[in-house]
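The structure under discussion appears below in the form of structure tokens.
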Amino acid sequence: MRTRVLIILSTILLSGQWAASKPTCETLFEDPALASGADFGTLRANFEHSTKYSHELGRAGDIKDQCALGTCHLYSWSSSLEQSYSSRTNSKIALSAKHLTVIHWADTAYRALKSEDPTEKIMLGATASFSRFQVRRAGLVPESVWKPARDFDKPPLSTRLQTYVQNVIDRAKFEMKSTSDTAKKGAILQKAMMDVEIIFHDAVGDLPLKFVYEGKEYTPQTFARTFFPELYKPIVAMRIDGDREAGDVHTKVNDGFLVVMTSVDRAEKTVRDLLDQGKAVYLSYEHEATYVDKATGIMSISAFHFPTNARPLSRRQREWSERSGGGHAVQIVGYDLDPATGKILKFKIKNSWGEGVGDKGYYHMYRDYFRTYATGVTFYQDAGINLAKPVYVVPVQQDFDF
């Protein structure tokens, strides 16, 4: 009864405030364009968009399509290696990201099976560093020497495969939990691993253990070492700190992996420096579809109509509220400068969602989107990037206070 009274009272109070304010359509929406018929989420008619770039990499390779699977990180590494190979040899090569996806998917399933957490799910996402570890472990295969038996990465098969494998895992873990016999648990585990292997084999066919390329025989591992020595170089994962006044923090994970927590300003300059060297940049970011136009590939906050008081949260606000969007990995292959200020206007993004979306598969990430949603860039330690000194001192992010 008390709850009902409170609800009624709140309704009366709010109704009184609403009536007193006497809002109109014009006062409800601060953006004048909305009063003339524009809808939230639509592109602004006066947004200046161009597909021209001041600096753009050549030989970036073909657009890939990860389809329904969350293995963008593997597609990003594949694209990066293709581009570096083309720059180094002036020859084109196409790597099978589907081969990497199958192996990563199966490995993730095995790890979920061995986990003691009964709620563990198969998660195909990965950090740039772990993804590179998976590429090195699995090796590489040219697209020309292996094709999957079925389109396992497309719906409805992709979704059904996920369900089939998860069912095997959950049933086996339930059975193992129901017995204290160590030998019986081991037998259940081995059978489940075999069942997972059979499911993937039925979906994709035989994976290549050996193959011939340009007249020579390779395994996926020897092919990777022969054609892509850069894959085994030490890397830097530059991650963006939500606290823009925090100093840089370097963490040496091992001899081949350095993590640098830094500001978005430094990350932005690092991207430009790498592109100036002719290197594509592995970018991790939060994909916030609210500010992305699928038809044109425009990625920009200021390009869209939205309620002024509902602007995006700052990085620190998102970290605090755990409102981070879905992670995505792409390659940056170009940048455009403002001729008046010399600042970055936008980055050219090579995506992995096929040529049917965006600008024939490419997206245009404007500076406001990058500075709001970029989470990190990954590059080789021998790229000559100066990590010792800060680059900028806390500038304001365009029209936003973060």
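The values are calculated or read from the model by the stated rules, or taken from the named source; none is laboratory data. Every value quoted in this text rests on a predicted model; they were computed, and no experiment measured them. Every residue, glycine as well, gets a Cβ built from its backbone with ideal geometry; the counts of neighbours run over all protein chains shown. Heads up: the accessible areas ignore ligands, DNA and RNA and are worked out on the full protein's heavy atoms, side chains in. Shrake-Rupley method; radii C 1.70, N 1.55, O 1.52, S 1.80 Å.
Below is a table of values for the structure above.
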read-out	value
Counted residues, segment 65-95 - those being open to solvent by 20 Å² or more (accessible area, probe 1.4 Å), assigned to a loop (DSSP other than H, G, I, E, B) and either touching a residue at least 60 places away in the same chain (Cβ under 8 Å) or acidic (D, E) (or both)	2
Count of segment 136-151 residues which are outside any helix (DSSP H, G or I), open to solvent by 30 Å² or more (accessible area, probe 1.4 Å) and in contact with a Leu (Cβ under 7 Å, 6 or more places away or on another chain)	2
Looking only at segment 152-175, and only at residues there that are touching a residue at least 40 places away in the same chain (Cβ under 8 Å) and open to solvent by 80 Å² or more (accessible area, probe 1.4 Å), the one that is farthest from K210 (Cα to Cα)	F174
Residue list for segment 299-343, filter: over 27 Å from S129 (Cβ atoms) and polar (S, T, N, Q)	S300, S302, T308, N309, T341
Segment 312-328: number of residues that are buried (at least 16 other Cβ atoms within 10 Å of the Cβ) and more than 24 Å from K350 (Cα to Cα)	4
In segment 239-258, residue nearest to T270 (Cα to Cα) [restricted to those that are in contact with a helix residue (DSSP H, G or I) (Cβ under 7 Å, 6 or more places away or on another chain) and not charged (D, E, K, R)]	I240
Which numbered condition E116 misses (of (1) assigned to a loop (DSSP other than H, G, I, E, B); (2) in contact (Cβ under 8 Å) with a residue 24 or more places away in the chain; (3) open to solvent by 20 Å² or more (accessible area, probe 1.4 Å); (4) closer than 25 Å to K173 by Cβ)	(2)
Looking only at segment 271-311, and only at residues there that are part of a helix (DSSP H, G or I) and open to solvent by less than 10 Å² (accessible area, probe 1.4 Å), the one that is farthest from K348 (Cα to Cα)	L274
Residue under evaluation I63, criteria (1) of a type in the set (A, V, I, L, M, F, W, C); (2) out of contact with any Gly (no Cβ under 8 Å at 6 or more places or on another chain); (3) within 25 Å of Y335 (Cα to Cα), criterion not met	(2)
Yes/no for Q331 being polar (S, T, N, Q), open to solvent by 60 Å² or more (accessible area, probe 1.4 Å) and not in a loop (DSSP other than H, G, I, E, B)	no
Filter pass, G361 being at positive phi and open to solvent by less than 10 Å² (accessible area, probe 1.4 Å)	yes
Which listed residue, of V196, V212, V236, V168, is part of a strand (DSSP E or B), modelled with pLDDT of 95 or more and more than 30 Å from E268 (Cα to Cα)	V212
Answer residue from segment 334-353, given it is out of contact with any Lys or Arg (no Cβ under 6 Å at 6 or more places or on another chain) and of a type in the set (D, E, K, R) and is most open to solvent (accessible area, probe 1.4 Å) among those	K343
